[in-house]
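The values are calculated or read from the model by the stated rules, or taken from the named source; none is laboratory data. Keep in mind that this is a model prediction, so the values were computed, not measured. Cβ: placed from backbone, ideal geometry, glycine included. Neighbour counts: every protein chain shown. Heads up: the accessible areas ignore ligands, DNA and RNA and are worked out on the full protein's heavy atoms, side chains in. Shrake-Rupley method; radii C 1.70, N 1.55, O 1.52, S 1.80 Å.
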Amino acid sequence: MTSRERRAPRAVVDTNILARGLLRPAGSSTALLQAAEDASFQLVLSPSILQELRKVFFKPHVRQRYPLTLEQIAGFMASLQAVAEMVEGRLQVYGASKDPDDNHVLACAVEGAVDFLVSDDRKHILPLGEYRGIPIVSMPAFLQMLRWR
C-alpha cells in the first residue's frame, strides 16, 4: 500500500491551536489548518469546541490585542466547518482531565473515533499521553507525522 492509498488520519485539534490559526496567520497553526484543507488529515470537531472557539475570539483581552472583525471571525468559523467532520457532541466525559473544561475535547475524540488528539496544553492534556487508546500529541509532532506520510 502506498502512502497515497492510506486513509488520512482523523484528528481532533484543541481549541487553543484552532484559535491561533486566525490570531497568528503566519504560524504553524495555520500550516495545520492548511493540512486539513488539503485532506492530509480529517479534522473532527464538535459543537462544544466551536462554541469554546467563538468565546475565545470575544474575550476582552483577545479583542483588544487582535481587533478582528465579525466577518473575519465568521469566515474563519465557516472555513473550519467546511473541512471538518462534525460529531453530535452527545458523549459526556467526566474526570478525565484535571481541568474539567478539557473534558469536551476528549469526548469529541472518543465520539469521533479519531486517530489522534492534537493539543499544546502541556499542563492538562498532553501529560495524559493517551485517552481511551487515542494518542495525544503536540502540534509539532503531528505536523512532523503528516510530513512523513
Note to self: Taking amide H atoms as placed 1.01 Å from N in the peptide plane, list the residues 5 or more away in sequence, or in a different chain, whose amide H sits under 5 Å from that of Arg10.
What the structure shows: Gln42, Asp115, Phe116
Margin query: Rounded, prolate or oblate, given the Cα gyration tensor of region 105-149, with a/c below 1.5 counting as rounded?
Written below: oblate
Margin query: Using a 1.4 angstrom probe on the protein heavy atoms only, could you order Val105, Val110 from most to least accessible area?
Written below: Val110, Val105
Next item on the list: At 7 Å along the Cα-to-beta-carbon direction for both Arg6 and Ala78, put a label point, then send me their distance in nm to one decimal.
Entry: 3.5
Check: Summing Lys, Arg as +1 and Asp, Glu as -1, what charge do residues with Cβ under 11 Å from the Cβ of Val83 carry, Val83 excluded?
Finding: -3
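Would region 1-52 count as rounded, prolate or oblate if I go by the C-alpha gyration tensor, calling it rounded below 1.5 in a/c and otherwise prolate when a/b exceeds b/c, oblate otherwise?
oblate
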Checklist line | Calculated [θ] (222 nm, deg cm²/dmol) that DSSP helices of n ≥ 4 give over the chain, each run adding -39,500 (n - 2.57) | finding: -13500 deg cm²/dmol
Item checked: Centre separation in Å (Cα based) which lies between region 102-120 and region 22-96 -> 14
Notebook entry, point to check: Assuming a viscosity of 0.890 mPa s and a temperature of 25 °C, what translational diffusion coefficient in µm² per second does Stokes-Einstein assign to region 1-134, Rh being the Kirkwood radius over Cα pairs?
Noted result: 159
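Identify the trypsin sites (Lys or Arg not before Pro) of region 22-131 meeting these criteria: DSSP loop state and at most 12 other C-beta atoms within 10 Å of the C-beta.
Arg90, Lys98, Arg122, Lys123
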Item checked: Cβ-placed point charges (K, R +1; D, E -1), dipole of the chain about Cα centre in debye, nearest 20 -> 320
Notebook entry, point to check: So for the pair Glu88, Ser40, with labels modelled 7 Å out along Cα→Cβ, what separation do we get in nm?
Noted result: 3.3
Notebook entry, point to check: Taking all protein chains as present, what is the carbon and sulfur share of the accessible area of region 49-149, in % to the nearest whole number, probe 1.4 Å?
Noted result: 54
